[in-house]
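The values are calculated or read from the model by the stated rules, or taken from the named source; none is laboratory data. The model shown is predicted, which means the values in this text are computed figures rather than measured ones. Virtual Cβ from ideal backbone geometry, glycine too; neighbours counted across all protein chains shown.
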Amino acid sequence: MSSEIPRIQRVISILWPSFLTSGLATILFFTLFDPVHLLAGTALAELSRLGAYSIGFFCFWGLTILTSGLTCYFSQPCDDNRRRTRGRQDDSLGSAL
């Protein structure tokens with residue numbers, strides 16, 4: 001049995017927590033700031049509140065996907081990364097000889 005985590009499980013482990021966090025961030029942000037006042041005097045002044053909430057949610061979701069992905073990437077042991085890099089270097093070095 002392989003000990004490697006399936007790709008879909010790794011993707012969901014990034015998307016689901018970032019979705020929940022972005023929902024909470026959207027609620028907290030728009031509780032403090034009214035989108036009508038934020039967008040006044042900009043090119044998006046005609047945007048409805050719902051449109052502003054949606055754009056805000058997707059911006060927060062993109063940010064939290066990035067942070068969750070970086071957390072997963074940097075939580076990998078360094079030894080595994082070094083072995084993979086060395087293996088590639090050894091293969092390229094052997095094929096060059």
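Quick notes
- Selection within segment 54-65 - surrounded by 14 or more Cβ atoms within 10 Å (Cβ to Cβ), within 9 Å of the chain's Cα centre (by Cα) and within 21 Å of T31 (Cβ to Cβ): W61, L63, T64
- For segment 34-64, residues that are farther than 21 Å from F74 by Cβ, assigned to a helix (DSSP H, G or I) and polar (S, T, N, Q) total 1.
- Here T31 qualifies as of a type outside the set (D, E, K, R), farther than 30 Å from P77 by Cα and loosely packed, with under 14 Cβ neighbours inside 10 Å.
- From S68, S22, S13, residue being in contact with a helix residue (DSSP H, G or I) (Cβ under 6 Å, 6 or more places away or on another chain), surrounded by 10 or more Cβ atoms within 10 Å (Cβ to Cβ), at pLDDT below 95 and part of a helix (DSSP H, G or I): S68
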